[in-house]
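The values are calculated or read from the model by the stated rules, or taken from the named source; none is laboratory data. Everything quoted here is computed from the prediction, not taken from an experiment. Here the Cβ positions follow ideal geometry from the backbone for every residue, glycine too, while neighbour counts run over all protein chains shown.
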There are 2 protein chains.
Amino acid sequence: MMRMEKSLLMIPGPTPIPPQVAAAMTQPMLNHRGEAFSALFAEVSTKLQKVFRTAQPVYIFPGAGSGGWEAALVNTLNPGDAVLSVSIGDFGERWHKVAVQLGFAVERLRFEPGRAADPERIAERLAEDRERRIKAVLIQHNETSTGVTNDVRAIARAVREHGALLMVDSVSGLGALPLEMDEWGLDVVLTGAQKALMCPPGLSIIAFSERARAAAEKSAMPKFYWDLKAAHSSLQKWQTPYTPAISLLHALKAALELLETETLEGSWARHRLMGEMCRAGVKAMGLRLLAVDERTASNSVTAVVAPVDPKRLRKVAREQFGVELAGGQGDLADQIFRIGHLGYVVPGDVLQALAATEMALAQLGVDVQIGRAVAAAQEVWMNHVRG
Amino acid sequence: MMRMEKSLLMIPGPTPIPPQVAAAMTQPMLNHRGEAFSALFAEVSTKLQKVFRTAQPVYIFPGAGSGGWEAALVNTLNPGDAVLSVSIGDFGERWHKVAVQLGFAVERLRFEPGRAADPERIAERLAEDRERRIKAVLIQHNETSTGVTNDVRAIARAVREHGALLMVDSVSGLGALPLEMDEWGLDVVLTGAQKALMCPPGLSIIAFSERARAAAEKSAMPKFYWDLKAAHSSLQKWQTPYTPAISLLHALKAALELLETETLEGSWARHRLMGEMCRAGVKAMGLRLLAVDERTASNSVTAVVAPVDPKRLRKVAREQFGVELAGGQGDLADQIFRIGHLGYVVPGDVLQALAATEMALAQLGVDVQIGRAVAAAQEVWMNHVRG
């Protein structure tokens, strides 16, 4: 029997898009060199500053979030510069490889999957660098592959003391998890539109601190597409150096309006609640979080050690119970599954995801008591509502 | 704190619309006297025949489902005709009033709220009518206000024996609950697009048996808008007597395609599963169904006796837990609440609705054990999946 096509997308991006966002993309095409475009671009860029918590300009490139990795590096560094890449999972590894591929002298500081980066260890490593050879530190705000959030504020303190630029990949963090670009002193913050910003993929969004923009003035790295100076020069006229992804910008405007209505603090609180509900549910099923220290567990995605083959689990959850869960990446592919709870996702969706997970596990012979996960998450929600 | 605007609409219509249906309405406007319209109208009308299970033409009027009540009566009857209106709830009462207002000699056979119509009682009443004065019997397939489904097949047998026309309001039934217009011998079946047909409101859809169409030839009731003969004549050219609701027809085409993919039997099975899940959950909360005999309880909407003020319950469910439940109508307004589970709704949505109901009750001081309702519904779902 065919099922009605309606499933709940609970992966850590791309995330579900609100109907207002979908509707926004149906607006007529416009001249990207005209006033209507400039008004749109100005509005979106200005709204983004509030989400980044920065007074600096925010640049929007048509592209994947990963493009921000390259943009961060090629704009602020010089050929052969030393870079400390801090990796706590697959996305840390990927950014590391990008830096290697671009010819930088990359040193990797790696933490085992499930652990957050230790700010002390970073501070110690930087303290050893008395000649200040390290020009940049790369880190994930939230490591999507392991469901762990780094203490970016503490890491920023250590990096500030040393003087290197701190570059933060907040693809699965920005909008969902607290981040204060200016207050914490972050030099580069990059994200994509398809996570907590509730848009379809296709926009790479990045902001640079004054320090980073000063470094960009002296950067001798060859670049065209991701050239900050060209983007900055165009931005003065609310323009872009090449054709912008117009419909996606309409989408982003609608999404940012939704976020403004909720308030950014409201979104952070919602994601914290969903993270707490999800973890309570997972533990009630007798499962183990990949996050070793629960205080570092992500509020935008929960990684869970799978008691059965995660591919089978996800297949049953999807085909029989209509919930799309995520698998693990890299070495974790056979060990974990992930529940995404960021963007246009609400606490009720977390209940559905937990119920589906529980039923799928039962179908696969795991000894779970049906209903316990949802009940545990309901209790968290009720306590939240009661304040 | 503002919440993210995303709530689950669990009322018995209007029901949620699938994104494919929403997208279909964004198609460019077209000339309703051109070939493109005729092709659209032919396709939708033909697909509807399969949902009505009839070889007769199906007529689509721009209008509310309630317009079908008038269309059924003014096309097939004559001024002053005797009509037996069978009422098991608020919608039965409303159709009754329409018949009175149009000047027919209406006799009402009423059953108390929560009960289905007794086919025996209808048969007995018709048997008394030896002169065959009663020209039509009016009945709801599914009484939306009480969550009770009538045994239309058995009632049809009784009416066929007498010879009156049987007119069936299947606004909250068609597409969700089994109905066989030709096989059961129903003379008029009417519905709206905004229930199991997963469209926005605005289309009144009605089919007439050969008997009913023959009666229409002799009907002397004054009419214009709802004139079957005009509609029928236009339909021969896949046209309409006046401007059709074009965007809604695009929507209906998309919805019927979804229904075809699922299959009509698949939709019936999904609604039966959702009804069973909802009732299991409601009973696990210790609440009482309004349906006196559970075998007559509706699989498209569940009416529940509220242990607290239903308005307060619905407010908490909506504002704190993001689920929109329905209230009672008429005399039941202070006594019941209703959970709609028809149309573009899946079993996971029923879990969310039950969780929200349970938490809202707990917030209002009702002694419910958090998680029991969802667990009971999960068990039903798992048994269904296991076959």
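Some notes on this structure:
- A:GLU35 being closer than 30 Å to A:GLY328 by Cα and surrounded by fewer than 16 Cβ atoms within 10 Å (Cβ to Cβ): no
- The strands (runs of 3 or more DSSP E) falling completely within segment A:1-110 that include 3 or more residues that are more than 19 Å from A:GLY175 (Cα to Cα) map to A:82-87, A:105-110.
- Any hit, segment A:257-266, residues being buried (at least 17 other Cβ atoms within 10 Å of the Cβ) and away from chain B (no Cβ under 14 Å): no
- Pair list, Cβ < 6 Å and 6+ apart or interchain, from segment A:232-251 residues that are on the phi > 0 side of the Ramachandran plot and modelled with pLDDT of 95 or more to residues that are crowded, with 20+ Cβ neighbours inside 10 Å and assigned to a helix (DSSP H, G or I): A:TRP238/A:PHE41
- Of all residues in segment B:295-346, exactly one satisfies the criterion of being within 30 Å of A:ARG270 (Cα to Cα) and of a type in the set (S, T, N, Q), namely B:GLN320.
- Number of positions in segment A:12-42 that are away from chain B (no Cβ under 14 Å) and within 19 Å of A:SER267 (Cβ to Cβ): 3
- Options B:ARG270, B:ARG295; residue that is outside the structural domain of B:VAL148 (by TED's automatic domain parsing) and either closer than 19 Å to A:LYS6 by Cβ or among the hydrophobic types (A, V, I, L, M, F, W, C) (or both): B:ARG270
- A:PRO310 being of a type outside the set (Asp, Glu) and closer than 22 Å to B:VAL346 by Cβ: no
- Scanning segment B:120-173 for residues that are acidic (Asp, Glu) and surrounded by 24 or more Cβ atoms within 10 Å (Cβ to Cβ) yields B:GLU143, B:ASP169.
- Screening B:LEU228 on (1) within 27 Å of B:THR15 (Cα to Cα); (2) touching a strand residue (DSSP E or B) at 6+ places or on another chain (Cβ under 8 Å); (3) crowded, with 24+ Cβ neighbours inside 10 Å shows it passes everything except condition (1).
- Among the conditions (1) at pLDDT below 95; (2) within 17 Å of the chain's Cα centre (by Cα); (3) not basic (Lys, Arg), the only one that B:LEU30 does not satisfy is (2).
Yes/no matrix, rows are residues, columns are (1) under 26 Å from B:LEU177 (Cβ atoms); (2) in contact (Cβ under 8 Å) with a residue 40 or more places away in the chain; (3) not assigned by TED's automatic domain parsing to the domain that holds B:ALA216; (4) not β-branched (Val, Ile, Thr):
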position: B:GLY65; (1), (2), (3), (4): yes, yes, no, yes
position: B:ALA82; (1), (2), (3), (4): no, yes, no, yes
position: B:GLY92; (1), (2), (3), (4): yes, yes, no, yes
position: B:ALA99; (1), (2), (3), (4): yes, no, no, yes
position: B:LEU109; (1), (2), (3), (4): yes, no, no, yes
position: B:VAL137; (1), (2), (3), (4): yes, yes, no, no
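- Within segment B:186-226, tally of residues that are touching a residue at least 24 places away in the same chain (Cβ under 8 Å), under 20 Å from B:THR54 (Cα atoms) and not polar (S, T, N, Q): 21
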